[in-house]
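No value in this document is a laboratory result; all are computed from the given coordinates. Keep in mind that this is a model prediction, so the values were computed, not measured. Don't worry about glycine lacking a Cβ; one is built from the backbone with ideal geometry, like all the others, and counts go over all protein chains shown.
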Amino acid sequence: MCVAFWCKDLLKLMFLAIDFSIPVVTAPFILSVFGFRGTSRTALIGMATGTLAILVWSKWVEPIDSEIGIDGAFPCMLANGLAMMAAHYLLKQPKDTGWIKPDSMFTQIQQENARKRAERRETIKNAWANRKAILANLVPSHTTIVYIGCYTTVTSLLAYFIEHITHHGSWLILQLFVSTCYLGYPFIYDISKKIRSIPAWCIGLCWLIGLTLYLPLNLLCNWWNAVNSIFTASLYLAHCAVILWVLPLYLGIAGLAVTLLVAIYPISTGLLYPVLYSLFPIFILILLLFTYYYLLESQAR
């Protein structure tokens, strides 16, 4: 109530609450997460140091903050943590304080994680040794390939006409050629069986390269020539959904990482903050759906 009477601007009051909460609360929380156990005196010394540091920063440093370009919350949080460490090691403390050792449950969790990492390394090693069998298992059904052909055809034409990329007609021809190969795959497969059967691992390799190379390149071309940012961002989300849908989980995550790395610089330079703000709820929804899918996949295994 005293702070509310002292500061009548609601926005300034919110900034003030954030500036005080980060230096006071964050450092003890981080130290406790990493296994530090101190007394209440140690915590109060650190909190008082953080409070005084943010007051000093607001009084004398903030007027020249435009020249420094650093917010005061983070340095004051560091001052809080350093004050707690100094108080712990300089003052007399009980025996049960300080950095605690891992208990039996934490040790079991570490051993379980180490076992899972060893299993993953062994799985990757076996997969590389049997790469032809792994690639053969990636071959989807004819219906899935035809659906992807329809998807690439529609997105290519929409990107060409909505983004007005008229000076990249050769890229559109290449996209339509890839889409035609997807659409005509059942006929090509039936014809090849009469002449010479295509190995399954070769089909799986072409399928994997087509998804992990074509979609990021298509996205990169659209970002660099973006006219409608909403359409380009929606196309990016659609590409990510397709990668997760048609590839296994471990390959889907790698494909998402490649797609994100390809588009991160054009996104940061081409999208305005209002557009990013409007797409943030969609990103949260996709993240929740992906987490739910990952949990279901883990339970199935």
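Find out how many positive minus negative residues lie around Ala118, taking Lys and Arg as positive, Asp and Glu as negative, among other residues whose Cβ is under 12 Å from that of Ala118. Mind dumping the intermediate values first?
Values: positive: Arg115, Lys116, Arg117, Arg120, Arg121, Lys125; negative: Glu112, Glu119, Glu122.
The answer is +3.
How high is the relative contact order of the stretch 24-98, in percent, counting Cα pairs under 8 Å that sit 6 or more residues apart?
Normalised by residue count, the contact order of the stretch 24-98 is 48 percent.
Please sort by residue number the chymotrypsin sites (Phe, Trp or Tyr not before Pro) in the stretch 1-100 whose DSSP state is loop and whose Cβ has at most 15 other Cβ atoms within 10 Å. Kindly include the intermediate steps, with their values, before the conclusion.
Numbers: sites: Phe5, Trp6, Phe15, Phe20, Phe29, Phe34, Phe36, Trp57, Trp60, Tyr89, Trp99; in loops: Phe34.
Answer in residue order: Phe34.
Can you compute the FRET efficiency between Phe74 and Phe5 using 1/(1 + (r/R0)^6), with r the Cβ-Cβ distance and R0 = 30 Å? Round to the nearest 0.05.
Values: r = 29 Å, r/R0 = 0.97.
Efficiency, from the Cβ-Cβ distance: 0.55.
Between Phe106 and Leu13, what is the label-point separation in nm under the 7 Å Cα-to-beta-carbon projection?
If labels sit at Leu13 and Phe106, their model points lie 4.1 nm apart.
What does the convex hull of the Cα atoms come to per residue for the stretch 1-104, in Å³? Walk me through the numbers before you get to the answer.
Numbers: hull volume 14.0 nm³, N = 104.
It comes to 135 Å³ per residue, whole-number rounded.
Using a Förster distance of 30 Å, how high is the FRET efficiency between Ala200 and Glu119, based on the Cβ-Cβ distance and rounded to 0.05? Intermediate values should be presented prior to the final figure.
On the way: r = 26 Å, r/R0 = 0.88.
Efficiency, from the Cβ-Cβ distance: 0.70.
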